[in-house]
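The next block holds one structure in the form of structure tokens; read it before the comments.
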Amino acid sequence: MPDFDASHLTAPFVKRLVTAQFPRWADLPITPAAPQGWDNRTFRLGERLSVRLPSAAGYVPQVEKEHRWLPFLARHLPLPIPTPIALGRPGEGYPFAWSVYGWLDGSPVGVARPADLASFARELAAFLTALQRVEATSGPPAGAHSFFRGAPLATYDAETRRACVALDGDIDAARALGVWEAGLNAAWTGRDVWFHGDVAVNNLLAREGRLVGVLDFGCSGVGDPACDLAIAWTLFEGESRAVFRQALGLDDDTWVRGRAWALWKALITLEASRSGAGDEETRRVLAELLA
């Protein structure tokens, strides 16, 4: 599959793409969404639609998956999730499939942090519990399409250990390895369930402090739900973290694996940004994980 420079995904470019394939929307304004994600670029199309385009070839399998499974999941979930409206094809120099979705109102939690995090934790736990209860036997098993979210942590063992070595002296590498190895040893032995795969602050929509929608199911699939627990350290703290854990009814091993998932992400993020200005938020998360 050909590669593509995602910097070309501008509003005028997307306008040409939409006009060529969906002329009924040609007159609608197109504006970049904020904040933007990494895997995809998102644009608002008029008032009620959005356009979502993979930024690289590795994210393309998520397009078909979302069109197949999001309508099914939506019937069983207590909050809105993206609704596929149309499937775009390669064109205008863009080599990948892409999507038109319904627009979901709300502010990303990374932009508008809820004042009452304990209540928000209960709402998010209720959503994830509902997701895990959806019939999963025919769902897509964790794998490359989910970037191995929901798969065994061992998938990222070598990468995590390399990051610990690279960051030794900057972080408590021995403590980090202890947290990681505890996660590896707490193997998933339960029934595979649906997971979201990227429960991050900018994929959670809030209005007046309430959770009102969940975005970006590109990394979703069926497997170990521990990957969805990283938010316990990236958003919650203290009381709200305890509320989140209690509301989910988690066993100790799943919590330990969730902590390891959060550690992996924080380590590789810090290693990648270390040569630049640094990342204060990632360091804050690491401090929480290693406390």
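The values are calculated or read from the model by the stated rules, or taken from the named source; none is laboratory data. Just so you know, these numbers come straight off a predicted model, no measurement behind them. Here Cβ is always computed from backbone atoms with ideal geometry, including for glycine, and neighbour counts include all displayed protein chains.
Could you look through segment 109-119, keep only residues that are surrounded by 19 or more Cβ atoms within 10 Å (Cβ to Cβ) and out of contact with any Ser or Thr (no Cβ under 7 Å at 6 or more places or on another chain), and pick out the one that is farthest from F22 (Cα to Cα)?
My answer is P114.
Examine segment 217-233 for a residue that is farther than 23 Å from P61 by Cβ and surrounded by fewer than 19 Cβ atoms within 10 Å (Cβ to Cβ), and state whether such a residue exists.
Within segment 217-233, none of the residues are farther than 23 Å from P61 by Cβ and surrounded by fewer than 19 Cβ atoms within 10 Å (Cβ to Cβ).
Please determine, by comparing only the residues of segment 195-213 that are touching a Gly at 6+ places or on another chain (Cβ under 6 Å) and closer than 18 Å to F147 by Cβ, which one is modelled with the lowest pLDDT.
Here the residue is N202.
Could you grab me the full set of residues in segment 126-137 that are in a loop (DSSP other than H, G, I, E, B), surrounded by fewer than 18 Cβ atoms within 10 Å (Cβ to Cβ) and among the aliphatic types (A, V, I, L, M)?
Residue satisfying the conditions is V134 alone.
(1) out of contact with any helix residue (DSSP H, G or I) (no Cβ under 9 Å at 6 or more places or on another chain); (2) modelled with pLDDT under 95; (3) under 27 Å from T189 (Cβ atoms): which one isn't true of E280, the others all being true?
(3)
Can you find a residue that is among the basic types (K, R) and touching a His at 6+ places or on another chain (Cβ under 9 Å) anywhere in segment 118-131?
Looking for residues that are among the basic types (K, R) and touching a His at 6+ places or on another chain (Cβ under 9 Å), one finds none in segment 118-131, hence no.
Considering only residues that are touching a Lys or Arg at 6+ places or on another chain (Cβ under 7 Å) and in a strand (DSSP E or B), look in segment 26-46 and name the one that is nearest to P82 (Cα to Cα).
T42
Modelled with pLDDT under 95, of a type outside the set (K, R) and over 16 Å from the mean Cα position of the chain (by Cα): which single residue out of A182, A187 fits that description?
Exactly one residue qualifies, and that residue is A187.
Could you check segment 1-27 and list, in sequence order, the residues that are free of Cβ contacts under 8 Å to residues at least 40 places away in the same chain and either surrounded by fewer than 17 Cβ atoms within 10 Å (Cβ to Cβ) or of a type in the set (S, T, N, Q) (or both)?
Selection gives D5, S7, T10, A11, P12, T19, P23, R24, A26, D27.
With respect to L104, is the statement that it is in contact (Cβ under 8 Å) with a residue 12 or more places away in the chain, among the aliphatic types (A, V, I, L, M) and either surrounded by 19 or more Cβ atoms within 10 Å (Cβ to Cβ) or at positive phi (or both) true?
no
Can you tell me how many residues in segment 138-173 are modelled with pLDDT of 95 or more and in a loop (DSSP other than H, G, I, E, B)?
Of the residues in that region, 12 qualify.
When you scan segment 167-184, how many residues do you find that are under 14 Å from P152 (Cβ atoms) and without any contact (Cβ under 8 Å) to a residue 40 or more places away in the chain?
Qualifying residue count for the region: 1.
Is at least one residue of segment 104-124 more than 23 Å from E281 (Cβ to Cβ) and part of a helix (DSSP H, G or I)?
The answer is yes, given that some residue of segment 104-124 is more than 23 Å from E281 (Cβ to Cβ) and part of a helix (DSSP H, G or I).
Checking the conditions here, which among Y59, Y94 is closer than 30 Å to A126 by Cα, buried (at least 19 other Cβ atoms within 10 Å of the Cβ) and of a type in the set (S, T, Y)?
None of the others qualify; the one that does is Y59.
Which condition does L250 not pass, out of (1) closer than 15 Å to F148 by Cβ; (2) among the hydrophobic types (A, V, I, L, M, F, W, C); (3) at pLDDT below 95, if it passes all the others?
Of the numbered conditions (1) closer than 15 Å to F148 by Cβ; (2) among the hydrophobic types (A, V, I, L, M, F, W, C); (3) at pLDDT below 95, the odd one out for L250 is (1).
Yes or no: D192 at pLDDT 95 or above, over 24 Å from the mean Cα position of the chain (by Cα) and surrounded by 16 or more Cβ atoms within 10 Å (Cβ to Cβ)?
Judged against the criteria, D192 is not a match.
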